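Here is the structure we will look at, set down as structure tokens.
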Amino acid sequence: MARALRALAQLMGWSSVAIGLFHVALGNAAIPGAGSAGATVDSWGRFMGASFAGYGLAWLWAARQRPIPALAVRWLAGVFLLGGVGRLISLAVHGWPQWFQIVLAAIELGLPPVFFWLADAEERAPRGDAEARTVPAG
């Protein structure tokens, strides 16, 4: 389970950085159905892209720790879940979005429980032989 946590955290980090930079570079063109949304939405989307890239860097930082800090995983997964809840609110207020946004909402609502379940997997995992050795008292 610890290996799955590390792999998922790295995947989350690298994909978030890539998606964020994609939005910074392309602005409205990166959002299906928002190509003609105007300068304000383009500016907001590029800013949010940079924020999402930073979110990805936080995942990568967590994935590089030994052990991966469960508290960081829970907070980062919670932020991702909040994004999915935001999509549900948008659906309730404005109706169904473009199909790809529905796929993203499913990921944003489905993946956080997996992270919550795995969050302390590495902290609970037995340490390797070198780490488990203790210095005898005396």
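What net charge is computed for the residues neighbouring L71, neighbours being all others with C-beta under 13 Å from the C-beta of L71, Lys and Arg scored +1, Asp and Glu -1?
Working: positive: R74; negative: D120, E122, E123.
Charge balance near L71 sits at -2.
The convex hull built on the alpha-carbon positions of segment 1-71 has an orientation-averaged projected area of 5.2 nm². Estimated from helical segments only, the mean residue ellipticity of the chain at 222 nm is -25500 deg cm²/dmol, where each DSSP H run of four or more residues counts as -39500 (n - 2.57). Here the average projected area of the convex hull drawn through the C-alpha atoms of the chain stands at 9.9 nm². The angle between the Cα long axis of helix 39-64 and the main principal axis of the chain comes to about 10°, on a 0 to 90 degree scale.
To the nearest 10 degrees, how steeply does helix 99-118 sit against the main Cα axis of the chain, on a 0 to 90 scale? It works out to around 20 degrees.
Every number in this text was worked out from the coordinates using simple rules, so none of it is lab data. Computed from a predicted model, the values in this text were never measured in an experiment. Don't worry about glycine lacking a Cβ; one is built from the backbone with ideal geometry, like all the others, and counts go over all protein chains shown.
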